[in-house]
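Engineer: So that we are looking at the same thing, I have put the structure below in structure tokens.
The values are calculated or read from the model by the stated rules, or taken from the named source; none is laboratory data. Bear in mind the structure is a predicted one, so any value in this text is a computation, not a measurement. Note: ideal-geometry Cβ built from the backbone for every residue, glycine included; neighbour counts use all protein chains shown. The area values use the complete protein model at the heavy-atom level, side chains included, leaving out ligands, DNA and RNA. Shrake-Rupley method; radii C 1.70, N 1.55, O 1.52, S 1.80 Å.
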Amino acid sequence: MTPELSIVLPAFNEAENLTDAVAQAAAALDAAGIDWEILIVDDGSTDGTGPLAEQIADGHRVRAIRHEVNRGKGAALRTGVAASRAPVVGYTDTDLPFDMEALGRAYRHLAETDADMVAGIRTNRERYSLRRRLFSGTYNALVRTILGVPHDDVGFALKVMRREVFEQARLQSDGGFADVELIARAHRVGARIERVGVEFTPRERGTSTMAGPRSVAGIVRDMILFRLGRLGGTRQRPLAAVPQDAPRPLPAE
């Protein structure tokens, strides 16, 4: 039977968090009464994440996919969604950035508001260090100014959307810019984007690679290329508007 919701979990060297992330997501989706599947995309990990993902996978509701080399978050999302089966797709990070109950809440909000996408927004960013708040504020200001996206906290890793929104976006970024690229492309074609507030939880295990110099440089590079219409190496064709008369997802009974 086709699930209602597919959740993609990109994972790069997340062996310390993966088991808990899958268990908590599954429990939260069960509690919300949603017929779900989870796709773990091991993005070329070197810490045992790949074998652990294979152990967790059951071949049906939880499946594991492996990139032989690290390709980046955007590439992992494309791989996961391509292998998914549900009419509604979503994703989050594997380092447990929030209480997983928000996945079910985002799905319900998508159905109840007739939206095309629901994106999470952090309600407690004051818990970040001053350095992190300055970085986040600057990044969001650049997104609004350079890309014209009238939303805040667009890089937060909680997004649930109708499948056609992801497919029409045709993501080009392989790295961390994919979070922003997805919402920017959805905004450009007139997709209806709703927000849900969530309290983020700081990483307790493992090491983040998203805030490192290499990752930040890649995000800035991709933002500039996106603005120039050159992300992916060739001039990008305009995207078609999201069809507003397409069937909307309905909450489970």
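Engineer: Accessible area per residue, 1.4 Å probe, Å², for segment 98-206: what's the number? Walk me through the intermediate numbers first.
Structural biologist: Working: 4550 Å² over 109 residues.
On a per-residue basis, segment 98-206 sits at 42 Å².
Engineer: Now for a separate question. L228 to N124: extension gain in nm, 0.36 nm per residue of separation minus the Cα-Cα distance? Write down the numbers at each step before the final one.
Structural biologist: On the way: separation 104, 0.36 × 104 = 37.44 nm, distance 3.36 nm.
This chain segment gains 34.1 nm when fully extended.
Engineer: Would you grab the residues whose amide H sits under 5 Å from the one on L9? Only those 5+ places off in sequence or on another chain, please, with H modelled 1.01 Å from N.
Structural biologist: L39, I40, V41
Engineer: Moving on. What ranking of K159, K73 comes out by heavy-atom accessible area, probe 1.4 Å, highest first? Display every interim value, and only then the final one.
Structural biologist: Working: K159 0, K73 25 Å².
Greatest to least solvent exposure: K73, K159.
Engineer: What is the set of long-range amide H partners of R192 at a cut-off below 5 Å, with H atoms built 1.01 Å from backbone N?
Structural biologist: The list, which skips near neighbours in sequence, is D116, M117.
Engineer: Name the residue, out of L130, L110, L142, whose mean-square fluctuation peaks in a Gaussian network model built on the chain with Cα pairs under 10 Å.
Structural biologist: Taking springs between Cα atoms under 10 Å, the residue moving most is L130.
Engineer: Then there's this: How large is the accessible surface of H151 in square angstrom, using a 1.4 angstrom probe and rounding to the nearest 10?
Structural biologist: So the heavy atoms of H151 present about 40 Å² to solvent.
Engineer: On a 1.4 Å probe surface of the protein chains, which of E101, E112 comes out largest in accessible area, and what is the full order?
Structural biologist: Details: E101 80, E112 135 Å².
Output order, biggest surface exposure first: E112, E101.
Engineer: Continuing with this model, one more query. Give the calculated FRET efficiency between A31 and T138 to the nearest 0.05, with a Förster radius of 41 Å applied to their Cβ-Cβ distance. Numbers along the way, then the final one.
Structural biologist: Details: r = 38 Å, r/R0 = 0.92.
Efficiency computed from Cβ-Cβ geometry: 0.65.
Engineer: Size of the dipole of the chain about the Cα centre, Lys and Arg at +1 and Asp and Glu at -1 on the beta carbon, nothing else charged, in debye to 20? Walk me through the numbers before you get to the answer.
Structural biologist: Numbers: 33 positive and 34 negative charges, 274 e Å.
Here the size comes out at about 1320 debye.
Engineer: In percent, how large is the relative contact order of the chain, given Cα pairs closer than 8 Å and 6 or more residues apart?
Structural biologist: On the way: 457 pairs, mean separation 58.6, N = 253.
So the answer I get is 23 percent.
Engineer: Right, next: What is the sum of charges around H60, taking Lys and Arg as +1, Asp and Glu as -1, for the other residues whose C-beta is under 15 Å from the C-beta of H60? Kindly include the intermediate steps, with their values, before the conclusion.
Structural biologist: Details: positive: R61, R63, R85; negative: E4, D30, D35, E37, E54, D58.
That works out to -3.
Engineer: OK, next. Multiply the residue separation of A82 and V220 by 0.36 nm, subtract the distance between their alpha-carbon atoms, and state the gained length in nm to one decimal.
Structural biologist: Numbers: separation 138, 0.36 × 138 = 49.68 nm, distance 2.64 nm.
Additional length available on full extension: 47.0 nm.
Engineer: May I ask for the distance between the Cα centers of segment 143-165 and segment 77-139, given as a whole number of Å?
Structural biologist: 10
Engineer: Taking the full set of protein chains and a 1.4 angstrom probe, give the accessible area of R85 in square angstrom, rounded to the nearest 10.
Structural biologist: Here the residue's solvent-accessible area equals roughly 100 Å².
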